[in-house]
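Undergrad: Pasting in a structure now, in structure tokens, and then I'll have a few things to ask.
Read the figures in this text as sums done on the coordinates, not as results from a lab. Note that the coordinates shown come from a computational prediction; the quantities given were computed from them, not determined experimentally. Cβ: placed from backbone, ideal geometry, glycine included. Neighbour counts: every protein chain shown.
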Amino acid sequence: MKALKIGNLCASVPIVQGGMGVGISLSGLASAVADQGGIGVISSAGLGVIYNDYSKDYREASVWGLKQELRKAREATRGIVGVNVMVAMSNFADMVRTAVAERADIIFSGAGLPLNLPSFLTEGAKTKLAPIVSSARAAKLLCRKWFSEYKYVPDAIVVEGPKAGGHLGYKPEQLNDEHYALETLVPEIVAEVRSFEAAHGCHIPVIAGGGIYTGEDIYRIMELGAEGVQMGTRFVTTEECDADPAFKQSYIEARREDIEIIQSPVGMPGRAIHNRFLDRVKEGLKRPKSCPFDCIKTCDVTHSPYCIMLALYNAFKGRLQNGYAFCGANAWRAEKIQSVRDLMASLRAEYDAFAARRANFSLCDRLFGAK
């Protein structure tokens, strides 16, 4: 594997651990991934619930929580640690400002286009900015907007395909359309980015995520022009993942047919593991009476069948009878809990083995293919 370079940051393993909320990727998982040469990512979603003991004010507790998680990660590793901040969060600005002030290495931002993200950088700030997009059109729009408005070029761009976990930036009918497959999107976005690079004399690495599960998958997507990959699902079933063991076990026990697309209260389709809680939602047995958090801009409590923040927090705590686990399309393939070190080693070995087979095939083709 080639190292992933984002400005002056260099990850010896080109793997970005996806930011997973609520609470699934905190300092424990992020620091473990960073320590193995990847980029560890803390999810800022729901920190106000996790750190509710500090303050009953959701936004105040969120700021405190992100500070604590970044500081704990810094104590545990000298590797690259980033933060995922969703545009759809009502405290988006608070979380971005806190990440910059705490000198997070990089901010990944999706669930909407982070058109004003560079505006939060302060003088002397070294935090890199990496928007998450789902189309070449979005990548083009964002690059142009950032450059014209802020004279800022994205430090990296993440393309997230429809096989990703959690909230998805696609319409339900696009999820199985080959025109929106990651393998289709990556070359399109790489071409758009290369055009922007040529016009502005810069380099923007493209990172691909959504459904990447093995070292072979990493090799194949990087052959299409990606310089790194984002993986979330694989890191859930690690010892260092911050979720309760019951959450991890739900991945181990999941069958292929258990992975389903749901309609989230925030107005987006999402991918999750089917369970009794989701059955009760479909039966109309869940209905919030008020919103205790105001966490997502697009969530309307008067039409929401349940509070997504509480559902995801309960899942994080292992109380799956009152919540559910978001997951990627390949979550059903999970077989065991292992350390981040062992997972990263196996991914590198799979990558190298596949690369060697491809090299041997290419050599044989050159030697014996011509008649």
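Undergrad: Considering only DSSP beta bridges with both partners in the chain, what is the antiparallel share in %, to the nearest 5?
TA: 30 percent
Undergrad: Okay, next question. Rounded, prolate or oblate: pick one for the range 18-139, where a ≥ b ≥ c are the square roots of the eigenvalues of its C-alpha gyration tensor, a/c under 1.5 means rounded, and failing that, prolate if a/b is larger than b/c, else oblate.
TA: rounded
Undergrad: Relative contact order for the range 1-156: what percent, with Cα pairs under 8 Å and sequence separation of 6 or more?
TA: Value for the range 1-156: 17 percent.
Undergrad: What residues qualify as long-range amide H neighbours of Ala156, i.e. H under 5 Å apart, gap of 5 or more or another chain, H built at 1.01 Å from N?
TA: Leu129
Undergrad: Order the peptides 251-259, 329-337, 38-46, 18-26 from the highest to the lowest mean number of other Cβ atoms within 10 Å of their residues.
TA: Averaged packing, sorted descending, gives the order 38-46, 18-26, 329-337, 251-259.
Undergrad: In terms of Cα to Cα distance under 12 Å, which aspartates and glutamates are near enough to Lys72, apart from those fewer than 8 places away along the same chain?
TA: Result set, ordered by chain and number: Glu102.
Undergrad: Might you report the magnitude of the Cβ-based charge dipole of the chain about its Cα centre, with Lys and Arg at +1 and Asp and Glu at -1, to the nearest 20 debye?
TA: 180 debye
Undergrad: Can I ask one more? Measure up Lys2/Lys128; Lys67/Lys145; Lys128/Lys317 against 22 Å on the Cα-Cα distance and list the ones that go over.
TA: Violating the 22 Å limit, Cα to Cα: Lys67/Lys145; Lys128/Lys317.
Undergrad: Please identify the DSSP H helices in the chain that span no less than 18 Å along the helix axis (Cα) and have a mean Kyte-Doolittle hydropathy of -0.5 or more.
TA: 136-150, 182-200, 340-368
Undergrad: Please sort 76-89, 108-121 by packing, taking for each peptide the average over its residues of neighbouring beta carbons within 10 angstrom, highest first.
TA: Top to bottom by mean Cβ count within 10 Å: 76-89, 108-121.
Undergrad: Need one number: nm distance between label points at Gln321 and Ile261, each 7 Å from Cα along Cα→Cβ, rounded to one decimal.
TA: Roughly 3.2 nm, to one decimal.
Undergrad: Quick one: Cα centre-to-centre distance for the range 31-62 and the range 141-200, in angstrom?
TA: 26 Å
Undergrad: Just name one of Gln321, Ala191, Ala246: the one whose Cα is farthest towards the positive end of the charge dipole of the chain (beta-carbon charges, Lys/Arg +1, Asp/Glu -1).
TA: Ala191
Undergrad: If you don't mind, there's one more thing I want to ask. Computed from these coordinates, which is Cα extents along the principal axes in Å: (1) 56, 53, 39; (2) 74, 49, 41; (3) 51, 46, 39?
TA: From the options (1) 56, 53, 39; (2) 74, 49, 41; (3) 51, 46, 39, the structure gives (2).
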